[in-house]
Amino acid sequence: MDVSHLLDPLNEAQRRAVTAEDRHVLVLAGAGSGKTRVLIHRLAWLIQVEHVSPLGVLAVTFTNKAAGEMRERASQLLQVSTRPLWIGTFHGIAHRLLRMHWKEAGLPEAFQILDSEDQQRLLRRIIREEGMDEAHWPARQAQWFINARKDEGERPRHIEHGDHPVTATWVRIYERYEDYCNRGGLVDFAELLLRAHELWLEQPAVLDHYRRRLQHLLIDEFQDTNAIQYAWLRMLAGDTGRVFVVGDDDQSIYGWRGARVENVQHFMRDFPDVATVRLEQNYRSTGTILEAANALISHNQGRMGKKLWTEGPEGHPVQLYAAYNEQDEARFVVEQIRQWIDEGRRADEAAILYRTTAQSRLFEEYLLRESIPYRVYGGLRFFERVEIKDALAYLRLLLNPDDDAAFERVVNKPTRAIGDKTVSLLRAQARESGIPLWQAAGACIDQKLLAARAANAVQGFIDLLTGMHERMRDWTLGNQMQGVIDDSKLASHYEKEPPERMETRLENLRELVNAADAFVLPPEDADAGLSELQSFLSHAALEAGETQGEQWDDCVQLMTLHSAKGLEFPLVFIAGMEDGLFPHQRSIEESGGRLEEERRLCYVGMTRAREQLCLSYAEVRRMHGSESHSRPSRFIDEMPSSLLREIRPRVSAERPYVPARPSAPKRSGGGFKGQEWPFRLGQAVTHRKFGEGTVLAFEGSGEHTRVQVNFDAAGVKWLVLAYAHLEAR
Ligand SMILES: Nc1ncnc2c1ncn2[C@@H]1O[C@H](COP(=O)(O)OP(=O)(O)OP(=O)(O)O)[C@@H](O)[C@H]1O
Ligand SMILES: [Mg+2]
């Protein structure tokens, strides 16, 4: 049999990993050394050479996107259908298991996934019902507490609080929260994993079935598994399964979410006969980028120690841009991308990475202005938008009226005279009788607990949903979606909003109907016995569209550093390299290795770059409404300066003076509104003669202030501000 296509594209060490006969294999290697490639080739090797049935392999990736790519690569290598292969994220796989074994897992068949926002909402309600002060007991903290406990595999009864009043209180909230979820058939993200683990613990027959079937377990990004995932994996492997994991301790960036890099060491301890393979050749980045990244990460203590080298070219120095402010930074980055494209390169070869999602907005603005297509990963994702969640809540209620989170969301949306007071009454009833809100609503009406008007309104809501349910039962998913939007009058509800917002909301709702129309029940969901509607709702919650917006082919990629894991791009920008932003303020203040985790995050970001890496920071940044001065990130100092090339702002060598409130003459129209100085760097302006342009720099002060503007048609010009008669656009 010719296996050259499986082995030729690999180096010696990689081949050893792919063909290993040892029972378990750990590939511990740095960024860009081919771990993911090795994992995919191993998968193909097992099927083609060792004749393992595709049904017998489970591959775990970190994102749904990576899962899709892995499936595609595997089918290219294998030339056979990869449909029977289980490839997915831990959450995706747990979800699938629970759908197939809902009964054994103690769930109702129509259980729903509760996303993070709904979870918080539900917790807020519980905290209020307990009569606790939300200022002292924030729902976010409860959420954090509960999820962290679940990630450790702990139910309320497992938590020893030793009469510690704070912990005892959170445990009580956790208990109440569990009651609600159980009553309504709601499962949050952490619960998916915990239940899947409990399925193994409590249902030996089920476990046995999967142990026999899934003989080969392959896990990418192993350094970011948490305790419950590790325990789940260990049980599934049992005494006969074979486990192949790849990871890099230097890229462990989810410690804040419970990931445990120690799992790498535990793996060697807990699994017998582990062959460890180290890969040291990097195939991704230029010598310079690699050296800078290696230098940075060497500042961390207690690493497992790896050296990475490359045969590739040395490449360009790492660029470092000191921007005046965040506008200037965005302008610079987008300008560089413009140049890249003008040189004949593709837009999708460029990625802008940042620490916090809020940073994406400005880049989007400048990219829009330059008409460069882009795509944002993460951020406020399509399925997380208000209007989308509202419409989906109606669908969820059609599937399962006991879904309290959905009920709360839309019981008075659009407004139908069901006020807070009425809802409180329903809640009290629900709580007293231990029933979901939907049933409590019926009970309150029957027992005449509501005033006549309120009773009518609630009855109206019940009738609305019952009517929808009866009419739409056999409709296609697309029609159901449209029907729900029409019957609920959600669209007309949003029409009352300001025109701009209204347009986007209505467009999103149309997009949702399109998405429902185009939805095809994935074979694995069909196998698991899911209806189209169930499957659609689960996808909406689980994938929460890792991408946002249109599926453009060729567009600049915007994402947080966290979501860049595993990816690579020829041109990478890391923006906001400022102390306080990156490393994040919290990590500077807190102990416990948080700073090291930030450093690893920086290492992950840098090692995404293949040809060119560009770091930038702003001397002044406006965040959350106030301006702050910050010093460049300490991480920059940790890279050898010989590898960096500092780029000073192109337009003026000296530090520009930005007048806070100049004494320029008042002008009519546009002008200075109130006390606010309207012209900021990057500000779009119009000039009577030169037309439209963008402010690049200021110089001087008071009436001598000069401003540099890049006019679309007339090019770059210096103007005396007082006489320029610029209008803000
Ligand atoms: N033996 C090889 N020959 C040529 N190219 C290779 C080889 N091995 C890996 N590559 C290429 O190097 C790049 C990095 O590989 P891969 O993404 O598998 O690395 P990784 O170790 O998974 O990185 P990360 O730690 O960032 O996830 C990819 O473009 C891959 O195709
Ligand atoms: Mg990888």
With a ≥ b ≥ c from the Cα gyration tensor eigenvalues, square-rooted, and the rule rounded for a/c under 1.5, otherwise prolate when a/b > b/c and oblate otherwise, the chain is oblate
Return the sequence-ordered ³J(HN,Hα) values of the stretch 325-340 in whole Hz as given by the Karplus equation 6.51 cos²θ - 1.76 cosθ + 1.60 applied to θ = phi - 60°, using x for Gly and Pro. 8, 5, 5, 4, 4, 5, 4, 4, 4, 5, 4, 4, 5, 4, 4, 4
Let a ≥ b ≥ c be the square roots of the eigenvalues of the Cα gyration tensor of the stretch 301-436; is it rounded (a/c under 1.5), or, if not, prolate (a/b larger than b/c) or oblate? prolate
Once the piece of chain linking GLU280 and HIS136 is laid out straight, how much longer is it, given 0.36 nm per residue of separation minus the C-alpha distance between them? 46.8 nm
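Multiply the residue gap between ARG83 and HIS161 by 0.36 nm, knock off their C-alpha separation, and tell me the result in nm, one decimal place. Don't skip to the answer; put the middle values down first.
Working: separation 78, 0.36 × 78 = 28.08 nm, distance 4.70 nm.
Contour length minus the Cα-Cα distance gives 23.4 nm.
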FRET efficiency for GLU202 and ASN479, Cβ-Cβ distance as r, R0 = 45 Å, nearest 0.05? 0.65
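At a Förster radius of 25 Å, what calculated FRET efficiency corresponds to the Cβ-Cβ distance of TRP256 and GLU365, to the nearest 0.05? Present the calculation step by step, with values, prior to reporting the outcome.
Numbers: r = 29 Å, r/R0 = 1.18.
The computed FRET efficiency comes out at 0.25.
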So, for the chain, what is the accessible surface per residue at a probe of 1.4 Å, expressed in square angstrom? 44 Å²
Which of the peptides 604-615, 158-169 is most tightly packed, and how do the rest follow, judged by the mean count of other Cβ atoms within 10 Å per residue? 604-615, 158-169
Please work out how much length the chain gains when fully extended from ARG345 to GLU129, using 0.36 nm per residue of separation minus the C-alpha to C-alpha distance, in nm with one decimal. 72.0 nm
Phi-based couplings in Hz for the stretch 105-110 (Karplus 6.51, -1.76, 1.60; Gly and Pro marked x): 8, x, 10, x, 4, 8
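Mind ranking 187-197, 472-482 by how tightly packed they are, going by the mean number of other C-beta atoms within 10 angstrom, highest first?
On the way: 187-197: 23.1, 472-482: 16.9.
Top to bottom by mean Cβ count within 10 Å: 187-197, 472-482.
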If I model a spin label at GLU50 and HIS209 as a point 7 Å from the Cα along the Cα→Cβ vector, what separation in nanometres do I get? 2.5 nm
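If you count, for each residue, the other Cβ atoms within 10 Å and average over each peptide, how do 496-508, 87-99 line up from highest to lowest?
Values: 496-508: 12.5, 87-99: 22.3.
Ranking, from highest mean packing down: 87-99, 496-508.
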How high is the relative contact order of the chain, given as a whole-number percent (alpha carbon pairs under 8 Å, six or more residues apart)? 16 percent
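Keeping the other protein chains in place, figure out the carbon and sulfur percent of the accessible area of the chain, with a 1.4 Å probe. Don't jump to the answer; show the numbers that get you there.
Working: 15450 of 31900 Å².
The C+S portion of the solvent-accessible surface of the chain is 48 percent.
Based solely on its DSSP helices, what 222 nm [θ] is calculated for the chain when runs of n ≥ 4 H residues each add -39,500 (n - 2.57) and the sum is averaged over all residues, nearest 500 deg cm²/dmol? Please list the in-between numbers first.
On the way: 29 runs with 325 residues, N = 729.
Counting only the DSSP helices, I get -13500 deg cm²/dmol.
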Classified through the alpha carbon gyration tensor (a ≥ b ≥ c as square roots of its eigenvalues; rounded if a/c is under 1.5, else prolate when a/b is larger than b/c, else oblate), the stretch 112-184 comes out oblate
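The values are calculated or read from the model by the stated rules, or taken from the named source; none is laboratory data. Keep in mind that what you see is a predicted model, and the values were worked out from it rather than measured. Neighbour counts run over all protein chains shown; Cβ positions are idealised from the backbone, glycine included. These accessible areas exclude ligands, DNA and RNA; they are computed on the full protein's heavy atoms, side chains included. Shrake-Rupley method; radii C 1.70, N 1.55, O 1.52, S 1.80 Å.
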